[in-house]
1. Do you know which residues across region 74-93 are out of contact with any strand residue (DSSP E or B) (no Cβ under 7 Å at 6 or more places or on another chain) and in a loop (DSSP other than H, G, I, E, B)?
2. If you go through region 57-76 one residue at a time, how many are at pLDDT below 90 and either of a type in the set (Phe, Trp, Tyr) or farther than 18 Å from Ser137 by Cα (or both)?
3. Could you pull out the residue among Ser61, Ser70, Ser89 that is on the phi < 0 side of the Ramachandran plot, of a type in the set (Gly, Ala, Ser) and either in contact (Cβ under 8 Å) with a residue 40 or more places away in the chain or in contact with an Asp or Glu (Cβ under 6 Å, 6 or more places away or on another chain) (or both)?
4. Considering each of Ile5, Ile54 in turn, give the residue that is modelled with pLDDT of 90 or more and within 15 Å of the chain's Cα centre (by Cα).
5. Of all residues in region 27-42, count the ones that are in a strand (DSSP E or B) and either in contact with a Cys (Cβ under 8 Å, 6 or more places away or on another chain) or farther than 17 Å from Pro60 by Cα (or both).
6. Could you look through region 94-133, keep only residues that are within 14 Å of the chain's Cα centre (by Cα) and part of a loop (DSSP other than H, G, I, E, B), and pick out the one that is surrounded by the most Cβ atoms within 10 Å (Cβ to Cβ)?
7. Hey, does region 153-161 have a residue that's closer than 20 Å to Leu18 by Cβ, loosely packed, with under 15 Cβ neighbours inside 10 Å, out of contact with any helix residue (DSSP H, G or I) (no Cβ under 6 Å at 6 or more places or on another chain) and modelled with pLDDT of 90 or more?
Amino acid sequence: MESLIQKLEFYLPYKFKLLLRGSQNGFTPERFHKLCDNKFFTVTFIKVKGTEEIIGGCNPSVWKSVGDYSKAKDSFIFSFKSKDNFKDSILSYIKDHNKALYFCSNYGPTFDDDLDIYVEDGYDNKNYNFIRCKQQSYEKKIRDTEDKFLIDDYEVFQILKRDH
């Protein structure tokens, strides 16, 4: 996934500060909230296990551990068939601003049901065991299926303005 970020940084006036990488920091909500809560403007990249697919979303607000929905006018989710194929990408903007994001201590970066990642039995120190994309509050679905899936890795970056 780093090569995708490197490609993006080359063209943008922003830099991407890595806050979390699942393969290094763990695949638990506890680690996600410890490293990502209260950080403005984050983007999440998820590598779907067994495919070349990369999905994710942008949160212009902050992540929190409270159990509630959050409004976000400029939030969006996306998918790429592979890190080398941008031709069939999907970009889906929020249509229900009141349910752009969902915060809870046993959830990871969640964009309503459209990109849902959490621990099903409610323990925030266990690995994620429920990951699914079901179109709800965003304009387009980002996966062809609503089935649960596993992830190879995921990363959360904070987007910062480049210093010139």
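The values are calculated or read from the model by the stated rules, or taken from the named source; none is laboratory data. Owing to the predicted nature of the structure, the values given are computational and were not obtained by experimental measurement. Quick reminder, even Gly has a Cβ in these numbers, built from the backbone with ideal geometry, and neighbours come from all protein chains shown.
1. Asp74, Lys81, Asp84, Lys87, Asp88
2. The total comes to 1.
3. Numbers: Ser70 fails: either in contact (Cβ under 8 Å) with a residue 40 or more places away in the chain or in contact with an Asp or Glu (Cβ under 6 Å, 6 or more places away or on another chain) (or both); Ser89 fails: either in contact (Cβ under 8 Å) with a residue 40 or more places away in the chain or in contact with an Asp or Glu (Cβ under 6 Å, 6 or more places away or on another chain) (or both).
Exactly one of Ser61, Ser70, Ser89 is on the phi < 0 side of the Ramachandran plot, of a type in the set (Gly, Ala, Ser) and either in contact (Cβ under 8 Å) with a residue 40 or more places away in the chain or in contact with an Asp or Glu (Cβ under 6 Å, 6 or more places away or on another chain) (or both), namely Ser61.
4. On the way: Ile5 fails: modelled with pLDDT of 90 or more.
When all the criteria are applied, what remains is Ile54.
5. Here is the first cut: in region 27-42, the residues in a strand (DSSP E or B) are 37, 42.
When the remaining residues are screened for being either in contact with a Cys (Cβ under 8 Å, 6 or more places away or on another chain) or farther than 17 Å from Pro60 by Cα (or both), the result is 42.
Of the residues in that region, 1 qualify.
6. If we take residues in region 94-133 being within 14 Å of the chain's Cα centre (by Cα) and part of a loop (DSSP other than H, G, I, E, B), then Gly108 is surrounded by the most Cβ atoms within 10 Å (Cβ to Cβ).
7. yes
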